[in-house]
Every structure is written in structure tokens, then in C-alpha cells.
Amino acid sequence: APVLIRGAVSNRERDEEEPPLFLDSAVALSEIRNGGDVGVMIEIGSDGPAPDALDAAKAILAEHAGPGHLVVVWRNGGTEATRLKSRTVKVAPRDELLMALRDTLGAERVSLHRDERPLVTVQREERFPKRNRGGGGGGGYTPPEE
């Protein structure tokens, strides 16, 4: 079955030929919409849709509550757009919801949306920190007195 895999690749030089892979999670693509990683994006703007269509869309969204985010893209005639993620409305991005919204708002205004998770650099502590063995003080290693 196709899966979405999240993890990391070791960046240590000693493993250039076959770097170790660290698996964090694996989710079947058939289940990806159920976990909250996928939501719905609706594009609106000064050119529409009509206010009554927006009221109908609100009712449809309320009927399909779930873990996915709702993102609204506001276009005001130009090429720039403002993206707004709802803090209160969460949806279940199933086909029934998408079809109902597309029938109400127009097919070109409704799509699935997935937030890209930012890449995170993890700083790991050195396993064996370097110790100051010279005679300069400063909190380095001090041998026991005999």
C-alpha cells in the first residue's frame, strides 16, 4: 500500500555510502485525510461567490466537522492573495464535503490543502564533550588530587 513516510537521514560523514534512515512515522495514503494533515482550501474574493453561497458553504462546513484545517484564500483582483487558517472551523475533508462545496461555490474555488511541515534541524549534544585538559582554568577537567 502507498504510504507517507516521515523521518530523517543521518548526515554524519562516516555514513556517506549508506546513511542510516530514521523512521518517525508511516501513514497509509488511504488514511491521510483522517489524521488532520489534510484540510480544505476555499478561494474567495471581491469577484465572488455570492453572499448566499457563502452562507450555504458555512452550513455545509458545520455538517462535516473533523480534524482537518480550513484555509480561506482571499483574492482581491491582483496576483497577491491572503491566506487565512481558521482557528475555530475544522473539517473532515471527505469527498462528500468537497462535492457539496464545489456545487455551492464552484469547482475552481475548492481544493484539498496540506500544510507543509517546516524542516527542523535538531541539535544533538555531543556524547563525549571535549574537555579542557590544559592549565588555563575555566571549568575544564581537573584530575583528582593524590
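The values are calculated or read from the model by the stated rules, or taken from the named source; none is laboratory data. All values reported here derive from a predicted model rather than from experimental measurement. Please note: Cβ atoms are built from the backbone with ideal geometry, for glycine as well, and neighbour counts cover all protein chains shown. To get the accessible areas, we keep the full protein, side chains included, count just its heavy atoms, and leave off ligands, DNA and RNA. Shrake-Rupley method; radii C 1.70, N 1.55, O 1.52, S 1.80 Å.
Put simply, of 90, 58 the only residue that is in contact with a strand residue (DSSP E or B) (Cβ under 8 Å, 6 or more places away or on another chain) and modelled with pLDDT of 90 or more is 90. Exactly one residue among 71, 27 is open to solvent by 30 Å² or more (accessible area, probe 1.4 Å) and under 26 Å from residue 96 (Cβ atoms), and that residue is 27. The one condition from (1) touching a residue at least 24 places away in the same chain (Cβ under 8 Å); (2) assigned to a helix (DSSP H, G or I) that residue 59 does not meet is (1). In segment 19-34 there is at least one residue that is over 28 Å from residue 84 (Cα atoms) and not in a strand (DSSP E or B). Filter segment 49-68 for residues that are open to solvent by less than 30 Å² (accessible area, probe 1.4 Å) and among the aliphatic types (A, V, I, L, M); which is farthest from residue 5 (Cα to Cα)? By that ranking, first place goes to 53. Only a single item in (1) surrounded by fewer than 15 Cβ atoms within 10 Å (Cβ to Cβ); (2) at pLDDT below 90 is not met by residue 96, and it is number (2). Residues that are touching a residue at least 24 places away in the same chain (Cβ under 8 Å), among the charged types (D, E, K, R), touching a helix residue (DSSP H, G or I) at 6+ places or on another chain (Cβ under 6 Å) and open to solvent by less than 100 Å² (accessible area, probe 1.4 Å) occur at least once in segment 36-48.
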